[in-house]
Number of protein chains: 2
Amino acid sequence: MRSSSTTGREELQASVAENEISPSNHCHSRGKLFVVGIGPGSFDDLTPRAKNAIMNAQVVVGYKTYLKLITELIGDKEAFGTGMMQEVDRCQAAVDLAAGGKMVAVVSSGDPGIYGMAGLVLELAMKLDDSCRPEVEVIAGISAVGASAAVLGAPLMHDFAVISLSDLLTPWPLIEKRAEMAAQGDFVIALYNPRSTKRVQQIEIVREILLKYRPASTPVGIVRQASRNGQKTAISDLEHFTQQEIDMFSMVIIGNSQTYVEAGRMITPRGYKL
Amino acid sequence: MRSSSTTGREELQASVAENEISPSNHCHSRGKLFVVGIGPGSFDDLTPRAKNAIMNAQVVVGYKTYLKLITELIGDKEAFGTGMMQEVDRCQAAVDLAAGGKMVAVVSSGDPGIYGMAGLVLELAMKLDDSCRPEVEVIAGISAVGASAAVLGAPLMHDFAVISLSDLLTPWPLIEKRAEMAAQGDFVIALYNPRSTKRVQQIEIVREILLKYRPASTPVGIVRQASRNGQKTAISDLEHFTQQEIDMFSMVIIGNSQTYVEAGRMITPRGYKL
C-alpha cells in the first residue's frame with residue numbers, strides 16, 4: 001500500500017488531482033472500474049473473481065477498515081482509504097481515477113450490490129459524458145444476509161424481505177410502511193443496520209408492527225460479525241429479541257409463520273412433505 | 001468421480017445401504033455434513049471455503065448437472081448425483097451417510113441458504129436422535145439474485161423482496177398476496193422461478209398486480225444464466241417485460257418507484273444527495 005489512508009476530502013482531492021482529466025487530453029485512455037464485493041472479510045469467503053479484480057487494479061479504493069482486511073492483496077499499489085460516512089468522496093475519487101485512465105477497484109464488504117457501493121459508483125459515473133465514462137463492472141460477494149443465514153441454519157428457505165432500519169438516507173415512514181407490508185405478507189424479514197448507539201427506538205417500533213401479525217414466539221436470529229473474528233449468534237423470539245446485543249455489525253432475521261428452532265438451528269421449511 | 005450418477009430412489013438406497021447405521025454400532029463415528037453453495041457455477045465465483053469443503057469431503061452429493069460443473073474437485077471421491085425433483089432422496093442419502101460417519105458435501109448452486117438445500121438437509125437431520133445427528137454446516141455461495149443484480153448494474157441498493165413464483169411447494173394465493181404486499185411497500189422485487197414451460201400465467205398475474213401500484217415505465221431487468229456460459233441480459237419495463245425470453249434459468253428484477261435505467265445499467269438510488 002503506497003500513499004495509504006487519507007481521512008478527509010482535502011487529502012483525497014490532492015491525491016486525485018494528478019489524475020485529473022485535462023480538456024486537451026479528453027479521455028484518450030479511459031480506464032475501468034471494478035466494484036468488488038469482498039464478502040464478510042476473510043479470504044475464505046473471497047471469490048477468485050473478486051481477488052483477481054483487486055490484484056489487477058492499479059488503484060484500490062475503500063473504507064479504511066476494509067482495506068486493512070486485504071492489505072496483502074493491495075501490496076504496493078496505490079490505495080485510497082477514507083473514513084466511514086465518506087462514501088461519496090471515495091466513490092467520486094474512484095470514478096475520476098478511472099475516467100483518467102486507471103484500472104480501479106472499489107472494495108465493499110459483503111455484496112456491493114446490496115446496500116453497497118455499486119449504486120453510488122454507477123450514479124457518479126453516469127454524470128460523465130458517454131465518451132468519458134469508464135466501464136463499470138460489479139463483482140458480487142458473499143452478502144451479510146447470506147453469511148448470517150448460513151450461521152443460523154436455514155431461515156431464508158422461503159420468500160423474504162430485506163429492510164435497512166437506517167433512516168439517514170430513507171424517510172422513516174417509508175421504512176415503517178415496508179415493515180408493515182412485509183409483516184402482512186408473512187415474509188421472512190432480514191434487517192440491515194438494526195440498531196446503533198444513537199438509533200435505538202426504530203427496532204422497537206418494528207417489533208411492535210410484527211407482533212400485530214405474528215405470534216410472540218416467532219423465532220428471531222441475531223448474528224453479529226457473521227463469518228468474521230468475534231462472530232456471535234443468538235436465537236430469541238419476537239417478544240424478547242430486542243433485549244439481545246444488537247448493533248450496526250448485527251443482522252437480525254425474523255422468521256415467518258412456519259419458521260421453527262430445533263437443536264439451536266433456525267429453519268424455515270420450504271414446504272416439502274417429509 | 002467413482003460410482004457416479006444414479007437416477008432413481010432404488011439406486012440411491014442401494015448405494016446408501018453399505019453405510020447404514022446398525023443398532024449395535026450406534027453413531028460411534030458421527031460424520032459431518034457441509035451444505036455448500038457453489039455460486040453460479042464457474043470456479044471464478046467459488047469461495048475457498050466452499051472449495052475446501054468439497055475437497056475435504058469423502059462423498060459429494062448433488063443434482064447431476066451441478067456435479068458436472070465441479071468434476072475436477074470431486075476427483076475420485078464417491079459421488080451421488082440425482083435428477084431434478086429428487087431433492088428429498090438426495091438430501092436423505094447425504095444425511096444417512098453423514099450419520100454413518102462420513103464427511104459429506106451436498107452441493108447446491110447459488111446460495112444453499114436461499115431456496116436451496118440447507119433447509120431440507122437440516123429438516124431431515126432433525127429427524128434423527130440428538131446422539132446420531134451429524135453436525136451440519138452451511139457454506140454460503142454467490143446467490144443467483146446477487147449475481148443477476150451485479151450484471152444489471154445496481155438494482156438492489158434499497159429494500160427488496162425476494163419471491164419465488166413456483167407454486168409446487170407454496171399455495172398460489174400466498175404468492176399472490178406477497179406480490180401485492182411487496183408492490184404496495186415499494187420494494188424492489190426479485191422473482192426466482194419466474195416462468196416455466198408449463199407455468200406461464202403466474203408472471204402475468206404478478207405484472208398486473210405491480211401495474212396497480214407502479215408506472216408502466218418501471219424498469220425491469222431480466223438475466224438468464226447469470227455469471228454462466230450463455231448469459232443473456234435484457235432491460236425492459238413493467239408494461240412489456242413478459243414478452244422477453246424468461247424461463248427457469250432467469251431472474252427477473254422489478255425496480256421500485258425510484259429505479260432508473262441509464263447507459264444500459266439499472267440503478268436504484270440509495271438516496272445520497274449528489
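FYI, it's all coordinate maths here, none of it is from the lab. Bear in mind that the values here come from a model prediction, so they are computed numbers and not experimental data. When we count neighbours, we look across all protein chains shown, and the Cβ atoms used for this are built from the backbone with ideal geometry, even at glycine.
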Would you mind listing the distances between the residue A:257 label point and the same position in each other copy? Use 7 Å along Cα-to-C-beta, nm, one decimal, shortest first.
2.8
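What percent do you get for the relative contact order of chain A when only Cα pairs under 8 Å and 6+ apart count? Provide the component values of the computation, followed by the final result.
Details: 566 pairs, mean separation 51.5, N = 274.
Rounded, it is 19 percent for chain A.
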Rank the residues A:71, A:259 as a footprinting-exposure proxy: fewest other Cβ atoms within 10 Å of their Cβ go first.
A:71, A:259
Nm distances between copies for residue A:66, ranked from closest, using label points 7 Å along Cα→Cβ
2.7
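Quick one: of the DSSP bridges fully inside segment A:145-267, what percent are antiparallel, nearest 5? Working shown, then result.
Numbers: 17 of 24 bridges.
The antiparallel proportion sits near 70 percent.
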How far apart are the residue A:131 label points across copies, placing each 7 Å from Cα toward Cβ, in nm, shortest first?
8.0
Ranked list, fewest to most other Cβ atoms within 10 Å of each Cβ, for B:136, A:261, A:145
A:261, B:136, A:145
With Cα atoms, 0 to 90° folded angle of helix B:172-184 axis to chain B main axis:
50 degrees
Env charge @ residue B:108, Cβ radius under 11 Å, K,R +1 / D,E -1, value -1
Neighbour-count order for B:157, B:248, B:266, fewest beta carbons within 10 angstrom listed first
B:248, B:266, B:157
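Would you mind telling me the antiparallel percentage of the DSSP bridges in the protein assembly as shown, rounded to 5? Spell out each step's value before the answer.
On the way: 39 of 91 bridges.
Antiparallel bridges: around 45 percent, rounded to the nearest 5.
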Cα extents of segment A:152-200 along the three principal axes, largest first, in whole Å?
32, 23, 15
Computed Kirkwood radius, in angstrom, where 1/r is averaged over Cα pairs of the protein assembly as shown:
23.9 Å
Work out from phi, with θ = phi - 60° and the Karplus expression 6.51 cos²θ - 1.76 cosθ + 1.60, the ³J(HN,Hα) of each residue of segment A:128-138, listed in order in whole Hz, and give x for Gly and Pro.
8, 4, 3, 5, 10, 6, x, 5, 10, 10, 9
Of the candidates A:257, A:222, A:206, the farthest towards the positive dipole end of segment A:185-274 (Lys/Arg Cβ +1, Asp/Glu Cβ -1, centred on the Cα centre) is A:222
What ³J(HN,Hα) values, in whole Hz, does the Karplus curve 6.51 cos²θ - 1.76 cosθ + 1.60 give for segment B:114-121 when θ = phi - 60°, with x put for Gly and Pro?
10, 6, x, 8, 4, x, 4, 4
Between the alpha-carbon centers of segment B:227-274 and segment A:167-185, tell me the distance in whole angstrom.
23 Å
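Report relative contact order for segment B:145-267 in percent, whole number only (criteria: Cα-Cα under 8 Å, sequence separation at least 6). Please list the in-between numbers first.
Numbers: 228 pairs, mean separation 39.4, N = 123.
The value is 32 percent.
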If the viscosity is 0.692 mPa s and the temperature 37 °C, what Stokes-Einstein diffusion coefficient in µm²/s follows for chain A when Rh is the Kirkwood radius over Cα pairs?
164 µm²/s
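Take every Cα pair under 8 Å in segment B:92-193 that's 6+ residues apart, average their separations, divide by the length, and report that relative contact order as a whole percent.
On the way: 90 pairs, mean separation 23.0, N = 102.
Result for segment B:92-193 is 23 percent.
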